[in-house]
Amino acid sequence: MSATAATATPSVEQAYRHCEAVTREQAGNFFYGIRLLPGAKRRAMCAVYAFARRVDDIGDGPLAAEQKLALLADARADLERIDTGARDPVLVALADGAARFALPLDAFGDLIAGVQMDVEDAVYERFDQLELYCRRVAGSIGRLSLAIFGSADARGPALADDLGVAMQLTNILRDVREDAERGRVYLPFEDQARFGVDGVLDLSVQPPGAIAALMRFEARRAREWFARGLELLELLDGRSAACVGAMAGIYQRLLDRIESDPERALAQRLSLPVWEKAWVAARSLTGTAA
């Protein structure tokens, strides 16, 4: 049983309310899309997010690496006994969502493997290594989400995976400074070398404009992944497409800001104001490009 499990057995409805509260509070970008879904799908998405958030928090937390790895092993075990996690609201909701939508729970195993890469201080020499990381931590959520959205098209899983890579690349560009301060370097060393950047650990000693040029290069790469991944919209029903469109639209607008002013993105963590996220979501719901 997870250390975060509740002490009393929650009903399915109570479990979903807990997951929705976690999502509303912590999913600053995703919730604007998730809220566009009909009830059953929205609740299942919140259950997926709540478990994913739990795993991410292990990787980003203050514990020693050995403790983090033990907690990640516990998370894997939780997935294997999900139907017996009756006191944990996240597992109760996730079990119900898995029964309703045939969630590919093994995708959470990919997420855990990706977070383990963080814990073990993975090094990214080439982009294909970073791509693997992105597919694990974000493409996995795309595949889980697709099961909830529903699509019989065989192209769906790969497109959802590609869209996850695009969003994770955007996250990486948004968080370059914060990650560097924690000793994490995601931008591949071969890309850094192309622009004369060395390690991205001490931003103050890099050649003038070098990191900005590197970030613009990676932003263009992210756009290519968005272009492929957004083909997924054609395979979804209207509300599901609106959900994906809202989430992707918010990330694309964030990418616009990073690409137009990399120096500002390095100086502070960029985000969209609440009104703009709501505007993007509303336009997605009406089928208008954001």
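The values are calculated or read from the model by the stated rules, or taken from the named source; none is laboratory data. Quantities reported herein were computed from a predicted structural model and do not represent experimental measurements. For neighbour counting, all protein chains shown are included, and Cβ atoms are generated from backbone atoms with ideal geometry for every residue, glycine included.
Scan segment 111-136 for residues that are in a helix (DSSP H, G or I) and in contact (Cβ under 8 Å) with a residue 60 or more places away in the chain and jot them down.
Step one: filter segment 111-136 for residues in a helix (DSSP H, G or I), giving 111-119, 127-136.
Scanning segment 111-136 gives Val115, Asp118, Val119, Phe127.
Going by what's in this entry, would Asp179 be described as within 30 Å of Ala47 (Cα to Cα) and modelled with pLDDT under 95? Step through it out loud before you land on a result.
Details: within 30 Å of Ala47 (Cα to Cα): yes; modelled with pLDDT under 95: yes.
The answer is yes for Asp179.
Select from segment 137-185 the residues that are among the aliphatic types (A, V, I, L, M), closer than 30 Å to Ser204 by Cα and in a helix (DSSP H, G or I) and list them in ascending order. Quick ask: steps written out before the conclusion?
Let us first name the residues in segment 137-185 that are among the aliphatic types (A, V, I, L, M), namely 137-138, 141, 144, 146-148, 152, 154, 158-160, 163, 165-167, 169, 172-173, 176, 180, 185.
Pick out the ones that are also closer than 30 Å to Ser204 by Cα and you get 137, 165-167, 169, 172-173, 176, 180, 185.
Correct list: Val137, Val165, Ala166, Met167, Leu169, Ile172, Leu173, Val176, Ala180.
Do we find a residue being free of Cβ contacts under 8 Å to residues at least 12 places away in the same chain and not in a helix (DSSP H, G or I) anywhere in segment 217-230?
For segment 217-230, residues free of Cβ contacts under 8 Å to residues at least 12 places away in the same chain and not in a helix (DSSP H, G or I): absent.
Name the one entry in Asp83, Asp56, Asp74 that is in a helix (DSSP H, G or I), over 14 Å from the mean Cα position of the chain (by Cα) and closer than 18 Å to Leu144 by Cβ.
On the way: Asp56 fails: over 14 Å from the mean Cα position of the chain (by Cα); Asp74 fails: closer than 18 Å to Leu144 by Cβ.
Among Asp83, Asp56, Asp74, only Asp83 is in a helix (DSSP H, G or I), over 14 Å from the mean Cα position of the chain (by Cα) and closer than 18 Å to Leu144 by Cβ.
Could you list, in sequence order, all residues of segment 227-245 that are over 20 Å from Ala282 (Cα atoms) and buried (at least 18 other Cβ atoms within 10 Å of the Cβ)?
Result: Gly229, Leu235.
Could you list all residues from segment 152-211 that are charged (D, E, K, R) and touching a Gly at 6+ places or on another chain (Cβ under 9 Å)? Show your work before the answer.
The first filter runs over segment 152-211 and keeps only residues charged (D, E, K, R), leaving 153, 155, 161-162, 174-175, 177-179, 181-182, 184, 190-191, 194, 198, 202.
Those that are charged (D, E, K, R) and touching a Gly at 6+ places or on another chain (Cβ under 9 Å): Asp161, Asp162.
For segment 169-210, enumerate the residues that are surrounded by fewer than 16 Cβ atoms within 10 Å (Cβ to Cβ), more than 25 Å from Ala248 (Cα to Cα) and within 24 Å of the chain's Cα centre (by Cα).
Glu181, Arg182, Gly183, Leu201
Report whether or not Ala248 is surrounded by 13 or more Cβ atoms within 10 Å (Cβ to Cβ) and more than 18 Å from Cys134 (Cα to Cα). Show your work before the answer.
Details: surrounded by 13 or more Cβ atoms within 10 Å (Cβ to Cβ): yes; more than 18 Å from Cys134 (Cα to Cα): no.
Against the criterion (surrounded by 13 or more Cβ atoms within 10 Å (Cβ to Cβ) and more than 18 Å from Cys134 (Cα to Cα)), Ala248 does not qualify.
Within segment 231-256, can you find the residues that are not aliphatic (A, V, I, L, M) and not in a helix (DSSP H, G or I)? Even if it seems obvious, please write down each step before you answer.
Residues of segment 231-256 not aliphatic (A, V, I, L, M): 231, 234, 237-240, 243, 245, 249, 251-253, 256.
Asp237 - this is the single residue of segment 231-256 that is not aliphatic (A, V, I, L, M) and not in a helix (DSSP H, G or I).
Confirm whether Ala64 is surrounded by fewer than 19 Cβ atoms within 10 Å (Cβ to Cβ), within 29 Å of Glu131 (Cα to Cα) and modelled with pLDDT of 95 or more. Steps first, please.
Values: surrounded by fewer than 19 Cβ atoms within 10 Å (Cβ to Cβ): yes; within 29 Å of Glu131 (Cα to Cα): yes; modelled with pLDDT of 95 or more: yes.
Taking the combined requirement at face value, the residue satisfies it.
With of a type in the set (Asp, Glu) and either crowded, with 19+ Cβ neighbours inside 10 Å or under 21 Å from Gly33 (Cβ atoms) (or both) as the only criterion, which of Asp153, Asp106 stands out?
Asp153
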